[in-house]
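Novice: Supplied in C-alpha coordinates, the structure appears directly below.
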Amino acid sequence: MFDFFRLPGSRPRDAVLRLTPRDWITQPQCCSNIFISGMIGSGKTTGICSNLALGLYCHPSRPGALILCQKPDEGARHIAYARQTGRLSDVIHVTPGGRWRMNLLDSELNAKGGGVESAKALLGVIMEAANRNRQRTSSDSYWPESSERQMGYAMSILQMASLVVGFQEVLEFCQSCPNSPEQLKDPKWRGSSFAAKCVLAASINHADDRNFKMAWEWFSTEWPELSEKTRSIIQSVTLNTLDKLLSNRFADLITGDTTFTAEEALREGKLVIFDVPGAVFGPPAQWAAVAVKLLFQRAAMRRSLKGECRPFIFYTDEAANFCVPELDAMFLSQSRQFKCICVNVIQNIPLAVTALGSSEAARHQVQAWISNHATVIGCANSDPETNKLLSSFAGEVKEVTFGGSNGSSQPYDIVGDFLGQQQGNVTASWSQAFRPALPSELFLGLAKGHRGIVEAYVFQSGRSFASNGKTWIKASFRQRF
(Lines give C-alpha, C1' and ligand atoms only; values in the text may rest on other atoms or scores of the structure.)
Protein backbone atom coordinates (compact mmCIF):
# COMPACT_ATOMS: atom_id res chain seq x y z
CA MET A 1 0.00 0.00 0.00
CA PHE A 2 2.83 2.41 0.87
CA ASP A 3 5.27 1.18 -1.83
CA PHE A 4 4.94 4.64 -3.45
CA PHE A 5 7.08 6.04 -0.63
CA ARG A 6 9.67 3.26 -0.87
CA LEU A 7 13.22 4.45 -1.53
CA PRO A 8 14.64 3.46 -4.95
CA GLY A 9 16.64 0.26 -4.64
CA SER A 10 15.06 -0.87 -1.36
CA ARG A 11 13.44 -4.29 -1.11
CA PRO A 12 9.61 -4.33 -1.33
CA ARG A 13 7.73 -5.81 1.61
CA ASP A 14 6.37 -8.78 -0.41
CA ALA A 15 9.54 -9.33 -2.47
CA VAL A 16 10.16 -12.87 -3.73
CA LEU A 17 12.65 -12.65 -6.63
CA ARG A 18 15.28 -9.95 -7.28
CA LEU A 19 15.70 -8.89 -10.92
CA THR A 20 17.84 -5.76 -10.51
CA PRO A 21 18.65 -3.57 -7.48
CA ARG A 22 15.52 -1.55 -8.32
CA ASP A 23 13.19 -4.27 -9.67
CA TRP A 24 11.66 -7.24 -7.85
CA ILE A 25 8.89 -9.75 -8.40
CA THR A 26 6.53 -9.72 -5.42
CA GLN A 27 4.30 -12.43 -3.99
CA PRO A 28 1.03 -10.78 -5.21
CA GLN A 29 2.54 -10.54 -8.72
CA CYS A 30 3.35 -14.26 -8.57
CA CYS A 31 -0.39 -14.94 -8.16
CA SER A 32 -0.81 -13.93 -11.80
CA ASN A 33 1.31 -16.96 -12.77
CA ILE A 34 4.90 -17.34 -13.96
CA PHE A 35 6.10 -19.02 -17.17
CA ILE A 36 9.80 -19.91 -17.59
CA SER A 37 11.51 -21.29 -20.70
CA GLY A 38 15.07 -22.20 -21.55
CA MET A 39 17.10 -24.77 -23.44
CA ILE A 40 18.97 -27.63 -21.78
CA GLY A 41 21.88 -26.18 -19.83
CA SER A 42 20.46 -22.64 -19.86
CA GLY A 43 20.54 -22.50 -16.06
CA LYS A 44 16.79 -22.04 -15.65
CA THR A 45 16.60 -24.65 -12.86
CA THR A 46 19.72 -23.65 -10.90
CA GLY A 47 19.34 -19.94 -11.64
CA ILE A 48 15.77 -18.65 -11.86
CA CYS A 49 13.79 -21.60 -10.45
CA SER A 50 15.99 -22.11 -7.39
CA ASN A 51 15.90 -18.42 -6.42
CA LEU A 52 12.16 -18.24 -7.06
CA ALA A 53 11.43 -21.36 -4.95
CA LEU A 54 13.57 -20.09 -2.07
CA GLY A 55 11.87 -16.70 -2.20
CA LEU A 56 8.38 -18.22 -2.17
CA TYR A 57 9.06 -20.81 0.54
CA CYS A 58 10.52 -18.25 2.96
CA HIS A 59 7.76 -15.68 2.38
CA PRO A 60 6.05 -14.67 5.67
CA SER A 61 2.73 -16.10 4.44
CA ARG A 62 4.33 -19.58 4.45
CA PRO A 63 2.52 -20.79 1.31
CA GLY A 64 1.78 -24.42 0.65
CA ALA A 65 2.83 -26.09 -2.58
CA LEU A 66 2.34 -29.04 -4.91
CA ILE A 67 5.52 -29.98 -6.77
CA LEU A 68 5.15 -32.51 -9.60
CA CYS A 69 8.41 -34.25 -10.49
CA GLN A 70 9.41 -35.34 -13.97
CA LYS A 71 13.15 -35.64 -13.28
CA PRO A 72 14.67 -38.07 -10.74
CA ASP A 73 16.47 -35.32 -8.77
CA GLU A 74 13.55 -32.88 -8.61
CA GLY A 75 12.21 -34.09 -5.26
CA ALA A 76 15.59 -33.94 -3.50
CA ARG A 77 16.14 -30.42 -4.82
CA HIS A 78 12.91 -29.10 -3.32
CA ILE A 79 13.58 -30.87 -0.02
CA ALA A 80 16.88 -28.96 0.06
CA TYR A 81 15.01 -25.69 -0.58
CA ALA A 82 12.65 -26.51 2.30
CA ARG A 83 15.61 -27.20 4.57
CA GLN A 84 17.28 -23.88 3.65
CA THR A 85 14.09 -21.93 4.37
CA GLY A 86 13.21 -23.71 7.64
CA ARG A 87 10.21 -25.49 6.11
CA LEU A 88 11.39 -29.09 6.39
CA SER A 89 8.63 -29.94 8.89
CA ASP A 90 6.04 -28.86 6.30
CA VAL A 91 7.24 -31.33 3.64
CA ILE A 92 4.98 -34.19 2.56
CA HIS A 93 7.26 -36.33 0.39
CA VAL A 94 5.07 -38.69 -1.63
CA THR A 95 7.39 -41.40 -2.93
CA PRO A 96 7.21 -45.21 -3.35
CA GLY A 97 7.86 -46.86 -0.01
CA GLY A 98 7.03 -43.70 1.96
CA ARG A 99 4.27 -43.13 4.48
CA TRP A 100 2.33 -40.50 2.54
CA ARG A 101 -0.51 -41.74 0.34
CA MET A 102 -3.74 -40.42 -1.11
CA ASN A 103 -6.57 -42.51 -2.53
CA LEU A 104 -7.43 -40.23 -5.44
CA LEU A 105 -10.92 -41.55 -6.19
CA ASP A 106 -12.04 -41.83 -2.56
CA SER A 107 -10.68 -38.35 -1.81
CA GLU A 108 -12.64 -36.79 -4.66
CA LEU A 109 -15.80 -38.74 -3.85
CA ASN A 110 -15.77 -37.51 -0.25
CA ALA A 111 -14.44 -33.98 -0.80
CA LYS A 112 -16.65 -30.98 -0.17
CA GLY A 113 -18.33 -30.36 -3.52
CA GLY A 114 -17.06 -33.68 -4.90
CA GLY A 115 -19.01 -36.76 -5.89
CA VAL A 116 -19.32 -39.49 -8.49
CA GLU A 117 -19.47 -37.11 -11.46
CA SER A 118 -16.40 -35.27 -10.23
CA ALA A 119 -14.48 -38.53 -9.68
CA LYS A 120 -15.63 -39.77 -13.09
CA ALA A 121 -14.23 -36.62 -14.68
CA LEU A 122 -10.93 -37.36 -12.90
CA LEU A 123 -10.80 -40.73 -14.67
CA GLY A 124 -11.67 -38.98 -17.93
CA VAL A 125 -8.67 -36.69 -17.52
CA ILE A 126 -6.40 -39.69 -16.97
CA MET A 127 -7.68 -41.33 -20.17
CA GLU A 128 -7.28 -38.07 -22.11
CA ALA A 129 -3.67 -37.78 -20.94
CA ALA A 130 -3.04 -41.43 -21.84
CA ASN A 131 -4.35 -41.06 -25.40
CA ARG A 132 -3.35 -37.52 -26.39
CA ASN A 133 -0.57 -38.69 -28.75
CA ARG A 134 -2.68 -41.20 -30.64
CA GLN A 135 -4.33 -40.50 -33.96
CA ARG A 136 -8.08 -40.58 -33.41
CA THR A 137 -11.22 -40.12 -35.48
CA SER A 138 -14.36 -38.39 -34.29
CA SER A 139 -16.05 -41.74 -33.56
CA ASP A 140 -13.23 -42.84 -31.27
CA SER A 141 -14.55 -40.69 -28.41
CA TYR A 142 -17.36 -43.23 -27.93
CA TRP A 143 -15.01 -45.78 -26.37
CA PRO A 144 -13.36 -43.64 -23.65
CA GLU A 145 -16.71 -42.01 -22.86
CA SER A 146 -18.38 -45.41 -22.50
CA SER A 147 -15.49 -46.64 -20.36
CA GLU A 148 -15.74 -43.54 -18.19
CA ARG A 149 -19.46 -44.21 -17.80
CA GLN A 150 -18.83 -47.84 -16.79
CA MET A 151 -16.34 -46.77 -14.12
CA GLY A 152 -18.73 -44.04 -12.94
CA TYR A 153 -21.52 -46.55 -12.26
CA ALA A 154 -19.00 -48.84 -10.57
CA MET A 155 -17.95 -46.04 -8.21
CA SER A 156 -21.58 -45.15 -7.51
CA ILE A 157 -22.45 -48.73 -6.47
CA LEU A 158 -19.25 -49.18 -4.48
CA GLN A 159 -19.91 -45.99 -2.54
CA MET A 160 -23.53 -46.98 -1.82
CA ALA A 161 -22.22 -50.34 -0.60
CA SER A 162 -20.19 -48.40 2.01
CA LEU A 163 -16.83 -49.49 0.59
CA VAL A 164 -13.67 -47.43 0.22
CA VAL A 165 -13.51 -46.64 -3.50
CA GLY A 166 -10.11 -46.94 -5.18
CA PHE A 167 -8.76 -47.96 -8.55
CA GLN A 168 -8.41 -51.58 -7.34
CA GLU A 169 -12.07 -51.81 -6.28
CA VAL A 170 -13.27 -50.27 -9.55
CA LEU A 171 -11.13 -52.76 -11.48
CA GLU A 172 -12.54 -55.75 -9.56
CA PHE A 173 -16.09 -54.51 -10.05
CA CYS A 174 -15.71 -54.00 -13.81
CA GLN A 175 -14.01 -57.39 -14.24
CA SER A 176 -16.93 -59.19 -12.57
CA CYS A 177 -19.87 -57.53 -14.38
CA PRO A 178 -22.30 -59.91 -16.14
CA ASN A 179 -21.51 -60.65 -19.78
CA SER A 180 -25.03 -61.73 -20.74
CA PRO A 181 -28.62 -61.71 -19.39
CA GLU A 182 -28.27 -65.44 -18.76
CA GLN A 183 -25.19 -64.98 -16.59
CA LEU A 184 -26.99 -62.29 -14.60
CA LYS A 185 -29.64 -64.86 -13.62
CA ASP A 186 -27.11 -67.60 -12.79
CA PRO A 187 -27.11 -68.25 -8.98
CA LYS A 188 -23.53 -69.53 -9.13
CA TRP A 189 -22.33 -66.29 -10.76
CA ARG A 190 -24.27 -64.19 -8.23
CA GLY A 191 -22.61 -66.03 -5.39
CA SER A 192 -19.06 -65.49 -6.68
CA SER A 193 -19.21 -62.11 -8.46
CA PHE A 194 -17.74 -59.13 -6.56
CA ALA A 195 -19.96 -56.79 -8.59
CA ALA A 196 -23.11 -58.77 -7.71
CA LYS A 197 -22.25 -58.67 -3.99
CA CYS A 198 -21.70 -54.89 -4.16
CA VAL A 199 -25.04 -54.35 -5.91
CA LEU A 200 -26.79 -56.42 -3.23
CA ALA A 201 -25.13 -54.47 -0.42
CA ALA A 202 -25.97 -51.14 -2.05
CA SER A 203 -29.62 -52.09 -2.50
CA ILE A 204 -30.15 -52.57 1.25
CA ASN A 205 -30.21 -48.84 2.02
CA HIS A 206 -30.39 -47.23 -1.42
CA ALA A 207 -32.91 -49.27 -3.44
CA ASP A 208 -35.17 -46.24 -3.91
CA ASP A 209 -32.39 -43.75 -4.70
CA ARG A 210 -32.31 -42.37 -8.23
CA ASN A 211 -28.55 -42.99 -8.49
CA PHE A 212 -28.97 -46.63 -7.56
CA LYS A 213 -31.82 -47.12 -10.04
CA MET A 214 -29.70 -45.68 -12.87
CA ALA A 215 -26.73 -47.85 -11.92
CA TRP A 216 -28.93 -50.94 -11.61
CA GLU A 217 -30.49 -50.30 -15.03
CA TRP A 218 -27.03 -50.11 -16.58
CA PHE A 219 -25.77 -53.15 -14.65
CA SER A 220 -28.76 -55.44 -15.21
CA THR A 221 -29.94 -54.45 -18.68
CA GLU A 222 -27.73 -52.17 -20.74
CA TRP A 223 -24.33 -53.78 -20.10
CA PRO A 224 -25.33 -57.48 -20.50
CA GLU A 225 -27.29 -56.74 -23.68
CA LEU A 226 -24.47 -54.97 -25.52
CA SER A 227 -23.02 -56.84 -28.46
CA GLU A 228 -19.97 -58.88 -27.53
CA LYS A 229 -17.66 -56.79 -29.72
CA THR A 230 -18.85 -53.46 -28.31
CA ARG A 231 -18.72 -54.71 -24.73
CA SER A 232 -15.24 -56.18 -25.15
CA ILE A 233 -13.81 -52.92 -26.58
CA ILE A 234 -15.25 -50.84 -23.73
CA GLN A 235 -14.00 -53.40 -21.22
CA SER A 236 -10.57 -53.36 -22.83
CA VAL A 237 -10.30 -49.56 -22.52
CA THR A 238 -11.36 -49.71 -18.86
CA LEU A 239 -9.05 -52.55 -17.86
CA ASN A 240 -6.04 -51.18 -19.76
CA THR A 241 -6.37 -47.80 -18.08
CA LEU A 242 -6.75 -49.20 -14.56
CA ASP A 243 -4.17 -51.94 -15.04
CA LYS A 244 -1.44 -49.50 -16.05
CA LEU A 245 -2.07 -47.42 -12.93
CA LEU A 246 -2.16 -50.44 -10.63
CA SER A 247 0.74 -52.47 -12.06
CA ASN A 248 3.41 -49.87 -11.21
CA ARG A 249 5.44 -49.60 -8.01
CA PHE A 250 3.73 -46.32 -7.15
CA ALA A 251 0.19 -47.81 -7.14
CA ASP A 252 -0.07 -47.81 -3.33
CA LEU A 253 0.40 -44.02 -3.34
CA ILE A 254 -2.86 -43.34 -5.23
CA THR A 255 -5.20 -46.10 -4.05
CA GLY A 256 -5.95 -47.87 -0.76
CA ASP A 257 -5.76 -45.81 2.43
CA THR A 258 -5.23 -42.03 2.67
CA THR A 259 -2.69 -40.39 5.02
CA PHE A 260 -3.09 -36.78 3.85
CA THR A 261 -5.62 -34.73 1.88
CA ALA A 262 -5.41 -31.80 -0.50
CA GLU A 263 -7.62 -29.75 1.83
CA GLU A 264 -5.20 -30.25 4.74
CA ALA A 265 -2.22 -29.30 2.58
CA LEU A 266 -3.84 -26.04 1.48
CA ARG A 267 -5.04 -25.16 4.97
CA GLU A 268 -1.80 -25.96 6.81
CA GLY A 269 0.69 -24.79 4.18
CA LYS A 270 2.24 -28.19 3.43
CA LEU A 271 4.86 -28.61 0.71
CA VAL A 272 3.62 -31.70 -1.13
CA ILE A 273 6.31 -33.22 -3.34
CA PHE A 274 4.77 -35.84 -5.64
CA ASP A 275 8.06 -37.58 -6.32
CA VAL A 276 7.01 -40.19 -8.90
CA PRO A 277 9.16 -39.09 -11.86
CA GLY A 278 7.84 -39.84 -15.31
CA ALA A 279 11.44 -40.31 -16.43
CA VAL A 280 11.65 -43.29 -14.05
CA PHE A 281 8.13 -44.74 -13.91
CA GLY A 282 6.97 -43.92 -17.43
CA PRO A 283 3.73 -42.42 -18.77
CA PRO A 284 1.44 -43.87 -16.03
CA ALA A 285 3.33 -41.73 -13.48
CA GLN A 286 2.50 -38.65 -15.56
CA TRP A 287 -1.18 -39.64 -15.71
CA ALA A 288 -1.25 -40.04 -11.92
CA ALA A 289 0.47 -36.66 -11.48
CA VAL A 290 -2.11 -35.02 -13.76
CA ALA A 291 -4.89 -36.47 -11.58
CA VAL A 292 -3.16 -35.27 -8.40
CA LYS A 293 -2.83 -31.76 -9.84
CA LEU A 294 -6.51 -31.68 -10.80
CA LEU A 295 -7.46 -32.84 -7.30
CA PHE A 296 -5.49 -29.97 -5.73
CA GLN A 297 -6.84 -27.43 -8.23
CA ARG A 298 -10.40 -28.39 -7.31
CA ALA A 299 -9.60 -28.24 -3.60
CA ALA A 300 -8.14 -24.74 -4.08
CA MET A 301 -11.26 -23.53 -5.90
CA ARG A 302 -13.58 -25.03 -3.29
CA ARG A 303 -11.97 -23.47 -0.22
CA SER A 304 -13.52 -20.43 1.42
CA LEU A 305 -11.76 -17.13 0.77
CA LYS A 306 -13.67 -15.17 3.42
CA GLY A 307 -11.15 -15.60 6.23
CA GLU A 308 -7.37 -15.92 6.26
CA CYS A 309 -6.39 -17.82 3.12
CA ARG A 310 -2.85 -19.08 2.68
CA PRO A 311 -1.32 -18.83 -0.84
CA PHE A 312 -0.66 -22.12 -2.61
CA ILE A 313 1.97 -22.87 -5.26
CA PHE A 314 1.59 -25.24 -8.22
CA TYR A 315 5.15 -25.90 -9.43
CA THR A 316 5.84 -28.05 -12.50
CA ASP A 317 9.11 -28.42 -14.37
CA GLU A 318 8.69 -29.95 -17.86
CA ALA A 319 5.17 -28.63 -17.35
CA ALA A 320 3.70 -29.68 -20.71
CA ASN A 321 3.81 -33.32 -19.52
CA PHE A 322 1.29 -32.42 -16.80
CA CYS A 323 -0.89 -30.04 -18.79
CA VAL A 324 -4.60 -30.58 -19.48
CA PRO A 325 -5.21 -27.63 -21.84
CA GLU A 326 -8.92 -26.96 -21.28
CA LEU A 327 -8.83 -27.38 -17.50
CA ASP A 328 -5.50 -25.63 -17.00
CA ALA A 329 -6.59 -22.65 -19.11
CA MET A 330 -9.68 -22.25 -16.94
CA PHE A 331 -7.70 -22.58 -13.70
CA LEU A 332 -4.92 -20.20 -14.78
CA SER A 333 -7.49 -17.55 -15.67
CA GLN A 334 -8.93 -17.73 -12.12
CA SER A 335 -5.89 -18.66 -10.04
CA ARG A 336 -5.28 -15.13 -8.75
CA GLN A 337 -8.77 -15.07 -7.23
CA PHE A 338 -8.00 -18.27 -5.30
CA LYS A 339 -4.56 -17.04 -4.19
CA CYS A 340 -2.75 -19.69 -6.20
CA ILE A 341 0.69 -19.27 -7.77
CA CYS A 342 1.27 -21.36 -10.89
CA VAL A 343 4.91 -21.76 -11.94
CA ASN A 344 5.27 -23.62 -15.25
CA VAL A 345 8.69 -24.42 -16.71
CA ILE A 346 9.37 -25.79 -20.21
CA GLN A 347 12.29 -25.96 -22.65
CA ASN A 348 10.61 -24.69 -25.81
CA ILE A 349 7.31 -24.47 -27.64
CA PRO A 350 7.84 -27.39 -30.12
CA LEU A 351 8.46 -29.80 -27.23
CA ALA A 352 5.30 -28.58 -25.50
CA VAL A 353 3.29 -29.05 -28.71
CA THR A 354 4.67 -32.59 -29.05
CA ALA A 355 3.70 -33.42 -25.46
CA LEU A 356 0.11 -32.32 -26.17
CA GLY A 357 -0.32 -34.36 -29.35
CA SER A 358 1.70 -32.67 -32.15
CA SER A 359 -1.43 -31.34 -33.87
CA GLU A 360 -2.29 -27.81 -34.99
CA ALA A 361 -4.85 -27.74 -32.19
CA ALA A 362 -2.05 -28.56 -29.74
CA ARG A 363 -0.07 -25.57 -31.01
CA HIS A 364 -3.01 -23.23 -30.35
CA GLN A 365 -3.50 -24.80 -26.93
CA VAL A 366 0.14 -24.13 -26.01
CA GLN A 367 -0.12 -20.50 -27.11
CA ALA A 368 -3.34 -20.02 -25.12
CA TRP A 369 -1.72 -21.70 -22.10
CA ILE A 370 1.33 -19.40 -22.21
CA SER A 371 -0.88 -16.31 -22.60
CA ASN A 372 -2.40 -16.93 -19.15
CA HIS A 373 0.92 -16.10 -17.41
CA ALA A 374 1.43 -12.43 -16.54
CA THR A 375 5.15 -12.92 -15.87
CA VAL A 376 7.25 -14.59 -18.58
CA ILE A 377 10.96 -15.34 -18.13
CA GLY A 378 13.08 -16.42 -21.08
CA CYS A 379 16.54 -17.94 -20.57
CA ALA A 380 19.06 -18.81 -23.27
CA ASN A 381 17.34 -20.74 -26.04
CA SER A 382 18.28 -22.07 -29.46
CA ASP A 383 14.70 -22.60 -30.65
CA PRO A 384 13.67 -19.92 -33.18
CA GLU A 385 9.92 -20.31 -32.57
CA THR A 386 10.21 -19.79 -28.81
CA ASN A 387 12.60 -16.87 -29.21
CA LYS A 388 10.33 -15.22 -31.78
CA LEU A 389 7.32 -15.48 -29.46
CA LEU A 390 9.21 -14.02 -26.50
CA SER A 391 10.61 -11.27 -28.71
CA SER A 392 7.05 -10.29 -29.65
CA PHE A 393 6.25 -9.67 -25.97
CA ALA A 394 8.68 -6.71 -26.02
CA GLY A 395 6.80 -5.04 -28.87
CA GLU A 396 8.31 -3.02 -31.70
CA VAL A 397 10.15 0.27 -32.06
CA LYS A 398 10.11 2.75 -34.95
CA GLU A 399 13.40 3.27 -36.76
CA VAL A 400 14.36 5.79 -39.42
CA THR A 401 16.72 4.54 -42.13
CA PHE A 402 18.63 6.67 -44.65
CA GLY A 403 20.03 5.86 -48.07
CA GLY A 404 21.39 7.57 -51.15
CA SER A 405 23.41 7.29 -54.35
CA ASN A 406 25.94 9.32 -56.36
CA GLY A 407 25.70 9.24 -60.16
CA SER A 408 29.05 10.96 -60.70
CA SER A 409 32.30 9.10 -61.36
CA GLN A 410 33.98 11.35 -58.82
CA PRO A 411 33.68 10.51 -55.13
CA TYR A 412 31.34 12.66 -53.13
CA ASP A 413 33.09 15.70 -51.57
CA ILE A 414 31.20 16.94 -48.54
CA VAL A 415 33.35 20.11 -48.23
CA GLY A 416 32.83 20.96 -51.86
CA ASP A 417 29.12 20.37 -51.53
CA PHE A 418 29.08 22.75 -48.56
CA LEU A 419 30.90 25.42 -50.69
CA GLY A 420 28.35 25.02 -53.49
CA GLN A 421 30.44 22.99 -55.92
CA GLN A 422 28.51 20.67 -58.26
CA GLN A 423 28.64 17.05 -57.07
CA GLY A 424 26.95 15.30 -59.95
CA ASN A 425 23.69 13.34 -59.72
CA VAL A 426 23.35 12.76 -55.97
CA THR A 427 20.11 11.40 -54.47
CA ALA A 428 19.13 10.77 -50.84
CA SER A 429 16.24 8.89 -49.30
CA TRP A 430 14.87 8.00 -45.88
CA SER A 431 12.15 5.72 -44.57
CA GLN A 432 10.51 4.60 -41.35
CA ALA A 433 10.10 0.95 -40.29
CA PHE A 434 9.02 -0.99 -37.22
CA ARG A 435 11.53 -3.49 -35.86
CA PRO A 436 11.47 -5.77 -32.79
CA ALA A 437 12.45 -3.90 -29.64
CA LEU A 438 14.15 -7.11 -28.51
CA PRO A 439 15.51 -9.08 -31.50
CA SER A 440 15.02 -12.84 -31.09
CA GLU A 441 18.70 -13.61 -31.73
CA LEU A 442 19.63 -11.95 -28.42
CA PHE A 443 18.31 -15.00 -26.54
CA LEU A 444 21.18 -17.01 -28.03
CA GLY A 445 23.75 -14.88 -26.23
CA LEU A 446 22.35 -15.00 -22.68
CA ALA A 447 24.72 -16.30 -19.99
CA LYS A 448 24.10 -19.95 -19.05
CA GLY A 449 26.06 -20.13 -15.82
CA HIS A 450 29.30 -18.37 -16.75
CA ARG A 451 30.98 -17.55 -13.43
CA GLY A 452 27.86 -18.72 -11.62
CA ILE A 453 25.54 -16.19 -13.31
CA VAL A 454 22.41 -16.96 -15.35
CA GLU A 455 20.81 -14.26 -17.51
CA ALA A 456 17.22 -14.01 -18.69
CA TYR A 457 14.80 -11.54 -20.19
CA VAL A 458 11.78 -10.90 -17.96
CA PHE A 459 8.42 -9.66 -19.27
CA GLN A 460 5.54 -8.58 -17.05
CA SER A 461 2.24 -7.34 -18.46
CA GLY A 462 1.05 -3.98 -17.21
CA ARG A 463 4.39 -3.01 -15.69
CA SER A 464 7.22 -0.63 -16.59
CA PHE A 465 10.43 -1.65 -14.87
CA ALA A 466 12.13 1.03 -12.80
CA SER A 467 15.59 0.31 -14.20
CA ASN A 468 14.81 0.99 -17.87
CA GLY A 469 11.20 2.21 -18.08
CA LYS A 470 10.28 -0.69 -20.40
CA THR A 471 7.88 -3.63 -20.08
CA TRP A 472 10.84 -6.02 -20.25
CA ILE A 473 14.23 -6.17 -18.60
CA LYS A 474 17.43 -8.20 -18.72
CA ALA A 475 18.04 -9.79 -15.31
CA SER A 476 20.92 -11.77 -13.79
CA PHE A 477 20.57 -14.55 -11.21
CA ARG A 478 23.14 -16.32 -9.07
CA GLN A 479 23.17 -20.08 -9.52
CA ARG A 480 22.26 -22.22 -6.51
CA PHE A 481 23.14 -25.90 -6.77
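Novice: Can you tell me how many residues in the range 429-481 are aliphatic (A, V, I, L, M) and closer than 17 Å to Thr26 by Cβ? Explain how you work it out, then say what you get.
Specialist: Residues of the range 429-481 aliphatic (A, V, I, L, M): 433, 437-438, 442, 444, 446-447, 453-454, 456, 458, 466, 473, 475.
Subset that is closer than 17 Å to Thr26 by Cβ: 458, 466, 473, 475.
Residues meeting the conditions: 4.
Novice: Output yes when any residue across the range 242-258 is closer than 21 Å to Ile370 by Cβ and either in contact (Cβ under 8 Å) with a residue 40 or more places away in the chain or of a type in the set (A, V, I, L, M) (or both), and no when none is. Give the steps one after another, and end with the answer.
Specialist: Within the range 242-258, the subset closer than 21 Å to Ile370 by Cβ is none.
No, the range 242-258 contains no residue that is closer than 21 Å to Ile370 by Cβ and either in contact (Cβ under 8 Å) with a residue 40 or more places away in the chain or of a type in the set (A, V, I, L, M) (or both).
Novice: Where in the range 27-89 are the helices (runs of 4 or more DSSP H), entirely inside, with at least 2 residues that are without any contact (Cβ under 8 Å) to a residue 12 or more places away in the chain and of a type in the set (A, V, I, L, M, F, W, C)?
Specialist: 74-84
Novice: If Thr401 meets every condition in (1) part of a strand (DSSP E or B); (2) at pLDDT 75 or above apart from one, which number is that one?
Specialist: Evaluating Thr401 over (1) part of a strand (DSSP E or B); (2) at pLDDT 75 or above leaves (2) as the failure.
Novice: Every residue in the range 112-130 that is assigned to a loop (DSSP other than H, G, I, E, B) and touching a Leu at 6+ places or on another chain (Cβ under 8 Å), please.
Specialist: Narrowing the range 112-130 to residues assigned to a loop (DSSP other than H, G, I, E, B): 112-115.
The answer is Gly115, and nothing else.
Novice: Could you list, in sequence order, all residues of the range 299-330 that are over 17 Å from Leu52 (Cβ atoms) and not in a helix (DSSP H, G or I)?
Specialist: Arg303, Ser304, Leu305, Lys306, Gly307, Glu308, Cys309, Arg310, Cys323, Val324 - these are the residues of the range 299-330 that are over 17 Å from Leu52 (Cβ atoms) and not in a helix (DSSP H, G or I).
Novice: Within the range 143-163, is there a residue that is in a loop (DSSP other than H, G, I, E, B), over 27 Å from Ala361 (Cβ atoms), of a type outside the set (Gly, Ala, Ser) and in contact (Cβ under 8 Å) with a residue 12 or more places away in the chain? Full working, then the answer.
Specialist: Keep residues of the range 143-163 that are in a loop (DSSP other than H, G, I, E, B), which gives 161-163.
Checking which are over 27 Å from Ala361 (Cβ atoms) leaves us with 161-163.
Of the ones still in play, those that are also of a type outside the set (Gly, Ala, Ser) are 163.
Still in the running and in contact (Cβ under 8 Å) with a residue 12 or more places away in the chain: 163.
Yes: the range 143-163 contains one or more residues that are in a loop (DSSP other than H, G, I, E, B), over 27 Å from Ala361 (Cβ atoms), of a type outside the set (Gly, Ala, Ser) and in contact (Cβ under 8 Å) with a residue 12 or more places away in the chain.
Novice: Taking the range 331-354 only, how many residues are more than 12 Å from the chain's Cα centre (by Cα) and in a helix (DSSP H, G or I)?
Specialist: Total meeting the criteria: 7.
Novice: While we're on this one: Could you tell me whether any residue of the range 234-252 is within 23 Å of Gly115 (Cα to Cα) and either part of a loop (DSSP other than H, G, I, E, B) or within 19 Å of the chain's Cα centre (by Cα) (or both)?
Specialist: No; the residues of the range 234-252 include none that is within 23 Å of Gly115 (Cα to Cα) and either part of a loop (DSSP other than H, G, I, E, B) or within 19 Å of the chain's Cα centre (by Cα) (or both).
Novice: Do we have Phe296 as assigned by TED's automatic domain parsing to the domain that holds Asp73, in contact with a helix residue (DSSP H, G or I) (Cβ under 8 Å, 6 or more places away or on another chain) and either in a helix (DSSP H, G or I) or free of Cβ contacts under 8 Å to residues at least 12 places away in the same chain (or both) here?
Specialist: So Phe296 passes the test.
Novice: A follow-up question, please. Quickly run through the range 31-44 and pick out the residues that are hydroxyl-bearing (Ser, Thr, Tyr) and either crowded, with 24+ Cβ neighbours inside 10 Å or not assigned by TED's automatic domain parsing to the domain that holds Cys342 (or both).
Specialist: Within the range 31-44, Ser37, Ser42 qualify.
Novice: Same structure again: Only one of (1) within 22 Å of the chain's Cα centre (by Cα); (2) surrounded by fewer than 17 Cβ atoms within 10 Å (Cβ to Cβ) fails for Val272. Which number is that?
Specialist: (2)
Novice: Considering only residues that are modelled with pLDDT under 70 and of a type in the set (Gly, Ala, Ser), look in the range 417-435 and name the one that is nearest to Gly43 (Cα to Cα).
Specialist: Ser429
Novice: Looking at the range 190-211, is at least one residue assigned to a helix (DSSP H, G or I), in the same structural domain as Gln159 (by TED's automatic domain parsing), farther than 30 Å from Ile79 by Cα and touching a residue at least 60 places away in the same chain (Cβ under 8 Å)?
Specialist: Looking for residues that are assigned to a helix (DSSP H, G or I), in the same structural domain as Gln159 (by TED's automatic domain parsing), farther than 30 Å from Ile79 by Cα and touching a residue at least 60 places away in the same chain (Cβ under 8 Å), one finds at least one in the range 190-211, hence yes.
Novice: If you take the residues in the range 99-140 that are acidic (Asp, Glu) and more than 30 Å from Arg363 (Cβ to Cβ), which one is modelled with the lowest pLDDT?
Specialist: Glu117
Novice: Looking at (1) within 15 Å of Leu17 (Cβ to Cβ); (2) within 18 Å of the chain's Cα centre (by Cα), which is the only condition Gly64 fails?
Specialist: Of everything listed in (1) within 15 Å of Leu17 (Cβ to Cβ); (2) within 18 Å of the chain's Cα centre (by Cα), Gly64 misses just condition (1).
Novice: May I pose another question? Within the range 322-334, does at least one residue satisfy the condition of being outside the structural domain of Ala130 (by TED's automatic domain parsing), crowded, with 19+ Cβ neighbours inside 10 Å and small (Gly, Ala, Ser)?
Specialist: Within the range 322-334 (the criterion being outside the structural domain of Ala130 (by TED's automatic domain parsing), crowded, with 19+ Cβ neighbours inside 10 Å and small (Gly, Ala, Ser)), the answer is no, since none of the residues qualifies.
Novice: OK, next. Within the range 222-232, is there a residue that is under 18 Å from His93 (Cα atoms) and in contact with a Phe, Trp or Tyr (Cβ under 8 Å, 6 or more places away or on another chain)? Write out each step before concluding.
Specialist: From the range 222-232, those under 18 Å from His93 (Cα atoms) are none; that's our starting set.
Checked the range 222-232: no residue is under 18 Å from His93 (Cα atoms) and in contact with a Phe, Trp or Tyr (Cβ under 8 Å, 6 or more places away or on another chain).
Novice: Another question, then. Where in the range 435-481 are there strands (runs of 3 or more DSSP E), lying fully within it, with 3 or more residues that are touching a Ser or Thr at 6+ places or on another chain (Cβ under 6 Å)?
Specialist: Correct list: 453-460.
The values are calculated or read from the model by the stated rules, or taken from the named source; none is laboratory data. Computed from a predicted structure; not experimentally measured. So basically every Cβ, Gly included, is an ideal-geometry build from the backbone, and we count neighbours across all protein chains shown.
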